[in-house]
Amino acid sequence: MTANFTPVSVRELLTETVLACAGVVAGREGLGREVRDLSWYTGELPTTANGHLVVCAAEAVTPSYRLEALVRRAESAGVAALLITAEAQSPLLSTLRLADRLAIPVLSIVGADLVDLLHRLTIRVRAPEVQRARLIEDVVRRLSTKTTAEDILAALSLALSQAVWLLSSDGSTIHGESLSLPSTLRLDLTVPQHSDPSPSGQILVHPVTEPGSTQAAAWLASQTAGSGEHQRIATASALAVAEPYVRAWLTSQRAAAERDSVFHGRLLADLIAGQGVASQDVVERALSAGWRLQDWHVGIHLIRTARLGDPLQDDPVTSMRKLRSALEAQKLVGPVVDRGDGWTVWISSATEPPSSDGRRVLRSVRLVLAQLPAHWEVVAGVGRVHHGPGGLASTLLEARDAATLARTHDYRPAAEHIDELGVARLLAAWQDSEILRAFAETALAPLKGVDGGQLLRTLQVYLEAGGSVSTTGIVLGLHRNTVTARLHRLRERLGVDLDDPNQRLALQLACRTIETEHG
Amino acid sequence: MERYLGVDDVSALASGAGLLGSGGGGDVAVGARLLRHALQDGGRARLVAAEDLPPETVVVHVGLAGAPDVVAERPPGGEDFANAVTALAGALRQRVGAIGVIEIGGLNALIPLVAAQVLGLPVVDGDLMGRAFPRISQTTLAAAGHPATPMAVVGPAADSVIIESASVDAADRIMRANVAALGGAAAVALYPCRADTLAALGLPGSVSGCIALGQALADSAGRSVSDLAARLGGELLCEGRVDEIRPRRGDIPGSLTVTDRSAGHILRLDMLDEYLNVAVDGVSRASAPDVLAVLDPVTFAPVPPDRLRSGQSIALLRLPLMPGWPHGAEELIGLAAFGIDSGRPEATR
């Protein structure tokens, strides 16, 4: 494929039989110029003559000075070569010298029908174009029966003999091996783009847009094997042809997801409304959704508290995918139901989990929240372990209550367990007390205005994260060593032992009081 | 203002006219010989400005029309021109008060002085072309709508033709046909007009200007060509060697390829009977109506197109046209008037 895409040079064209009687009278140094098309010159050089072999009518280059003027214009127009007939007045010496100097090959042909010659050479010169048309035809034929992204990408990759990727709107890979995009590509602009040519090839991206949207829902990407312009054009055309197929797949995915979310949402509402009594109908529907109602459940309630979402990154399908991958990373595998303002998740197991499982889940949920995009400002609540359909309803309600409490915190992300609710209410009452406020002022005074409040924030997050250095690091976007270093400074400044539960409790109360004041 | 020209002024006038011929206009040497003959024994030609003549004075323009080869073979006599003026005066039924110069380039810059000397009339210091042009329609009078007729064409055997009335282009064709019939060269008297008309429409002072140019040329002997160009108020376009001569074919212009010695530019010079256009590296650098003078770089003698030889060293100068042409005369005297298409971008640029 690659070889056929290369445009023919003037030198190669001269080996065609139709040019057997043609000679180079000047401009030999330009014989390597690429011929992309032909044009017929009758006195007006077309503005698109770049890369053209210009066949000159005899009367258009007579008297001879006209040819010289044409050589000059040919050079500025980027013409590949000029072809004249030997029957016309022979070129002036000055013309030959000018053509030599400008490296514009002037070919002279004896006894040829120029119209016939133009016709035949055009077929030869346009071979790459024909080749491209064949490739597009091939792509269309291969894609015609493909409905899934995997199939579409595989077919496209096969037709192009090069790797093809499907990327999400922010450039992360959906299908294909991981690909790092060069920074010159601007995914915020919904237009086809390509990276700068390099010996290893060019990366091309083509936006996949949904009807009515100006933002790209996803990107098709491919990497050419070489840096040839024709290869790039061919790849760009193939990506453009494949785009509607990917769009159709994406739309059907979205429709399915929306249908599922409506179905699941209604089913969940029915389950909770049943108050422990699941009707036959609900049980059947839960079965078809793959929910194991008879198991032990731990409910997780997630709320997205950010008011304004980024439309580029917040479409439901992408959000759901991000959440699922974050949950899977923490081995929290279970049904996820999209509720619009957030998600309901529960983990089911056939055997009763140990009572400490709620704690383990809370820790995992904190890590999940740290992995989700910070601008979502997600809060989460975790319920207790309950059994059966009624238990599912209970744990989900508990999780919702816990999430509602977590929402009242000033920091994000925040997660609460239902077991802590009573304590939390107690603490909430304390936070308003004068004594505690006075204590907070004194205890945290050494941190006021230090590093723009960084130390105070680190302390807050550390205490809320249950004293986990790694979770604190993830939440604050810091390396754990940095967190450790900051904790060291905190100890020095406050003169407290953070490992002493009493001290910790006092400090945490102080921190929350400060939060309330600032809120 | 008036001045008298003696035999000593002839060579300056002739070399100035040679430059202003732009390669055409005939062999000034023939005119110089005729004028020297007319001015021998201390004769002096009176040169007056048109505005210094009484306004109603009838001025008749005199020249030689025909092939340079015929003229060289059988030089005309001063009487031929006197006959032409007399014949035109007869047709006008008016007394001629002064002789006018039709073109200041080439042979015809000198002929009117010969005629004036025979007739004992003054010569107007001025002309109608500012250089040499091949057609009688290329004059400031014609540009202003003044007719060239009545005109008289007189052959060497005193055969005379009077063209009573014709458009300026028709007059040119009729004149050429008659010149051919009269043996290939003939004296013409044309563009009769009043002195005040000439004062308004002619190019004043060009005879004096031509002499000054010839003087400057003589004074520059032994100096460099660029020095000469500066003295003439012109521009040295190139100094180099003629590498190819492509002669004209009928109305299709011929071309020279010249290698510029210093700059290494590729230079083309297009020509018919005169030098018309200079293209440097394929782009027009200077063209008609500017005067393009090809000179021998050592003797500074003008080289007309038919004397060029391959391998010859030449210097190419651009001299400005004598001032006084009205705006919008490009069509009459520019490249297009010589059949070189102005469709070339290099010409319209």
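The values are calculated or read from the model by the stated rules, or taken from the named source; none is laboratory data. Owing to the predicted nature of the structure, the values given are computational and were not obtained by experimental measurement. FYI the Cβ positions are ideal-geometry reconstructions off the backbone, even for glycines, and counts take in every protein chain you see.
In this structure, does B:A87 turn out to be assigned to a strand (DSSP E or B) and buried (at least 18 other Cβ atoms within 10 Å of the Cβ)? Judged against the criteria, B:A87 is not a match. For the range B:114-122, check the following and say yes or no: at least one residue is buried (at least 24 other Cβ atoms within 10 Å of the Cβ), within 17 Å of the chain's Cα centre (by Cα) and among the polar types (S, T, N, Q). No; the residues of the range B:114-122 include none that is buried (at least 24 other Cβ atoms within 10 Å of the Cβ), within 17 Å of the chain's Cα centre (by Cα) and among the polar types (S, T, N, Q).
Go through the range B:215-230 and report how many residues are touching a residue at least 60 places away in the same chain (Cβ under 8 Å) and assigned to a loop (DSSP other than H, G, I, E, B).
Count: 2.
Set side by side, the residues A:A133, A:A112, A:A69, A:A74 differ, and just one is in contact with a Lys or Arg (Cβ under 6 Å, 6 or more places away or on another chain) and aliphatic (A, V, I, L, M), which is A:A69. From the list A:L83, A:L114, A:L121, A:L107, the lone residue that is surrounded by fewer than 21 Cβ atoms within 10 Å (Cβ to Cβ), in contact with a strand residue (DSSP E or B) (Cβ under 6 Å, 6 or more places away or on another chain) and either more than 10 Å from every other protein chain (Cβ to nearest Cβ) or of a type in the set (K, R) (or both) is A:L114.
Name the single residue that is farthest from B:L272 (Cα to Cα) among those in the range A:86-100 being more than 7 Å from chain B (Cβ to nearest Cβ) and not hydrophobic (A, V, I, L, M, F, W, C). Filtering the range A:86-100 for residues that are more than 7 Å from chain B (Cβ to nearest Cβ) and not hydrophobic (A, V, I, L, M, F, W, C), the one farthest from B:L272 (Cα to Cα) comes out as A:D100. Does B:R249 satisfy being in contact with a Ser or Thr (Cβ under 7 Å, 6 or more places away or on another chain), surrounded by fewer than 22 Cβ atoms within 10 Å (Cβ to Cβ), without any contact (Cβ under 8 Å) to a residue 24 or more places away in the chain and of a type outside the set (A, V, I, L, M, F, W, C)? The answer is no for B:R249. Taking the range A:440-463 as the range and being modelled with pLDDT under 85 and closer than 22 Å to A:E420 by Cβ as the test, only A:A440 passes. Screening B:G130, B:G126 for residues that are closer than 29 Å to B:Y275 by Cα, touching a residue at least 24 places away in the same chain (Cβ under 8 Å), in a loop (DSSP other than H, G, I, E, B) and in contact with a Pro (Cβ under 8 Å, 6 or more places away or on another chain) leaves exactly one candidate, B:G130.
Out of B:A32, B:A17, B:A12, one residue alone is crowded, with 23+ Cβ neighbours inside 10 Å, touching a helix residue (DSSP H, G or I) at 6+ places or on another chain (Cβ under 7 Å), closer than 16 Å to B:C210 by Cβ and outside the structural domain of B:R307 (by TED's automatic domain parsing). It is B:A17.
If you go through the range A:36-80 and keep only what is more than 53 Å from the chain's Cα centre (by Cα), surrounded by fewer than 23 Cβ atoms within 10 Å (Cβ to Cβ) and either more than 10 Å from chain B (Cβ to nearest Cβ) or β-branched (V, I, T) (or both), you end up with A:A57, A:A58, A:E59, A:A60, A:T62. Being loosely packed, with under 15 Cβ neighbours inside 10 Å and at pLDDT below 85 is a property that holds for A:S198.
Conditions (1) farther than 21 Å from A:E377 by Cα; (2) of a type in the set (F, W, Y); (3) part of a loop (DSSP other than H, G, I, E, B); (4) out of contact with any Phe, Trp or Tyr (no Cβ under 9 Å at 6 or more places or on another chain), marked per residue:
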site	(1), (2), (3), (4)
A:G452	yes, no, no, yes
A:R457	no, no, no, no
A:T472	no, no, no, no
A:Q503	yes, no, no, yes
A:A506	yes, no, no, no
A:T513	yes, no, no, no
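Filtered by the rule that a residue be out of contact with any Gly (no Cβ under 6 Å at 6 or more places or on another chain), hydroxyl-bearing (S, T, Y) and either within 11 Å of chain A (Cβ to nearest Cβ) or crowded, with 23+ Cβ neighbours inside 10 Å (or both), the range B:259-295 gives a lone residue, B:S284. With respect to the conditions (1) more than 52 Å from the chain's Cα centre (by Cα); (2) part of a helix (DSSP H, G or I), A:V18 lacks only one, and its number is (1). Count of the range B:241-258 residues, restricted to those that are among the aliphatic types (A, V, I, L, M) and more than 11 Å from chain A (Cβ to nearest Cβ), is 0. Listed conditions (1) surrounded by fewer than 24 Cβ atoms within 10 Å (Cβ to Cβ); (2) in contact with an Asp or Glu (Cβ under 7 Å, 6 or more places away or on another chain); (3) not assigned by TED's automatic domain parsing to the domain that holds B:S15 are all met by B:I211, apart from (1).
Taking the criterion of being at pLDDT below 85, aliphatic (A, V, I, L, M) and over 21 Å from B:A17 (Cα atoms), the only residue of the range B:318-335 that qualifies is B:A329. Screening the candidates A:R412, A:R384 for the property of being more than 20 Å from A:Q508 (Cβ to Cβ) and either touching a residue at least 60 places away in the same chain (Cβ under 8 Å) or among the hydroxyl-bearing types (S, T, Y) (or both) yields one hit, A:R384. In summary, B:A148 fulfils each of the numbered conditions (1) touching a Phe, Trp or Tyr at 6+ places or on another chain (Cβ under 9 Å); (2) among the aliphatic types (A, V, I, L, M); (3) outside any loop (DSSP other than H, G, I, E, B) with the single exception of condition (3).
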